[in-house]
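Novice: First the structure, which I've put down as structure tokens, then a few questions once you've had a look.
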Amino acid sequence: MAKYECAMCGKTLGLMETISREFQDDKNRGLCPKCHQYFVNTVKKRLDEMNDSIGYNSVKQSILEQIRAENGNSGYEYVEDYFKYQEAQNLKEENARWEACPVCGKIRDPQEDICGNCGYIYTDIKGLSKEDYVKAAKTRFEQYRRNPLYEYKVEVVQESGLTGAFKKADIQNVLAVYALDGWRLHTAVTNELGKMVLSAAGVGTNATVDQMILIFERCIKDRTSE
């Protein structure tokens with residue numbers, strides 16, 4: 001049966017002694033029970049007490065300086081390798097959380113189901129192979145580039161509070177102003193709003209007032225030919 005030396009103090013562990021592996025590394029090292037407890041209190045405990053990762057580097061440097069002063073170079077090298085291993089693992093996990101859109105290459109958060117850049121739907125495979133879906137999505141993305149582009153504006157015209165009627169001149173003026181700037185009326189809808197009207201006796205009564213919502217459309221890029 002193989003015997004192990006403690007990576008921090010150099011003590012040879014007996015057959016009945018337990019070696020504690022703080023991390024998996026290619027040197028197959030570990031710590032004796034005494035150094036393991038020291039490691040927990042000096043390294044892991046201080047890292048666990050951190051409120052956030054902003055001060056990680058300063059805490060790490062402080063720990064390494066303490067280890068070198070109290071345990072020499074062997075302890076310093078072991079703890080330094082521990083930090084390197086943990087940082088590599090964290091980076092690997094972080095990279096696994098993110099992926100590039102296969103259509104446009106934009107990096108996206110795994111919480112998002114749709115690419116905000118090209119519209120690729122990560123969860124909508126619809127029975128196609130990933131390669132076929134990516135090909136179709138890229139074709140769609142190219143079509144987006146060829147499509148005309150529009151912009152929209154919303155204007156609200158409110159009825160008279162006295163007569164309950166819309167002023168024709170007000171609507172005509174809005175249409176004329178927008179038309180001169182290249183806009184055309186796309187949609188017109190009426191929205192009913194509730195309001196409170198005070199009577200002469202001071203008693204509140206319910207009434208409604210209507211708004212006319214005008215949606216204007218303007219082409220900002222013509223369709224590109226194939």
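What follows is calculated from the coordinates using simple rules that are stated; it is not laboratory data. Just so it is clear, the structure is predicted and the values come from calculations on it, not from any experiment. Counting neighbours? That spans all protein chains shown, and the Cβs are built from the backbone with ideal geometry, glycine included.
Novice: May I ask you to compute the full-extension gain from Asn173 to Val209, defined as 0.36 nm times their residue separation minus their alpha-carbon distance, rounded to one decimal in nm?
Specialist: Value of the extension gain: 10.9 nm.
Novice: Follow-up question, since we're still on this one. Sorted by mean Cβ packing within 10 Å, highest first, what order do the peptides 147-154, 210-217, 31-38 take?
Specialist: Going by the mean number of other Cβ atoms within 10 Å, highest first, we get 31-38, 210-217, 147-154.
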